[in-house]
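Since every read-out is calculated from the coordinates, none of them should be taken as a lab result. Values in this document were obtained by computation on a predicted structure and should not be read as measured data. No Cβ is skipped: glycine too gets one built from the backbone with ideal geometry, and neighbour counts run over all protein chains shown.
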Amino acid sequence: MQHAHPASPHLTGVVKKILAAASEPPVDPGGLTDDEPLNGERLHINSLTLIGLLVQVEEETGVVLSDELFVGRSFATVADVTAIVEQSSEAAA
C-alpha cells in the first residue's frame, strides 16, 4: 500500500484515540504506533467494530469518508485507517 505523505498529527491522534478506546480491553493511545496491527497483541478491533469506529471518526473529524476509497482496500494497521481519513480530508479540501 502506498502513502503519499504522513497523515496530519491531529487526524492520527483522533484515529488512535478512537481505536484505543474501542479495543477490548482499552489501551493507551499514546503507546500506539502507526504500524500497530488492528487485531494484534495490543489492539483487538475486528472488521465489524471498525465500521462503527469509522462513523465515529467521521463525527469527530468532520471528514466524510467516501465509499469509493474503500474499494479493494484492507485495514490491517492504524496507518491503514489513518490513510483513508487523510485521503478523504484532502479530497474535501
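Given the choices (1) 20.1, 67; (2) 12.6, 42; (3) 12.1, 36, Rg and Dmax of the Cα atoms in Å derived from the coordinates of this structure is entry (3). Across the stretch 28-36, rounded Karplus estimates of 3J(HN,Hα) from the backbone phi angles (6.51 cos²θ - 1.76 cosθ + 1.60, θ = phi - 60°) give 6, x, x, x, 7, 9, 5, 8, 5 Hz, Gly and Pro being marked x. Taking 0.36 nm per residue of sequence separation and removing the Cα-Cα distance, the Asp67/Ser8 pair yields an extension gain of 19.1 nm. Applying the Karplus relation 6.51 cos²θ - 1.76 cosθ + 1.60 with θ = phi - 60° to the stretch 71-80 yields 3J(HN,Hα) values of 5, x, 9, 10, 10, 10, 10, 4, 4, 4 Hz, where x marks Gly and Pro. Couplings 3J(HN,Hα) of the stretch 38-48, computed from phi: 5, 10, x, 5, 9, 8, 10, 10, 9, 5, 5 Hz, in residue order, whole Hz [Karplus 6.51 cos²θ - 1.76 cosθ + 1.60, θ = phi - 60°; x for Gly and Pro]. Here's how it looks for Thr77: its modeled amide H is under 5 Å from those of Leu38, which are all 5 or more places away or on a different chain.
Each other residue within a Cβ distance under 15 Å of Glu60 adds +1 if Lys or Arg and -1 if Asp or Glu, for a net charge of -1. Note on the chain: with charges restricted to the Cβ of Lys and Arg (+1) and Asp and Glu (-1), its dipole about the Cα centre is near 80 debye.
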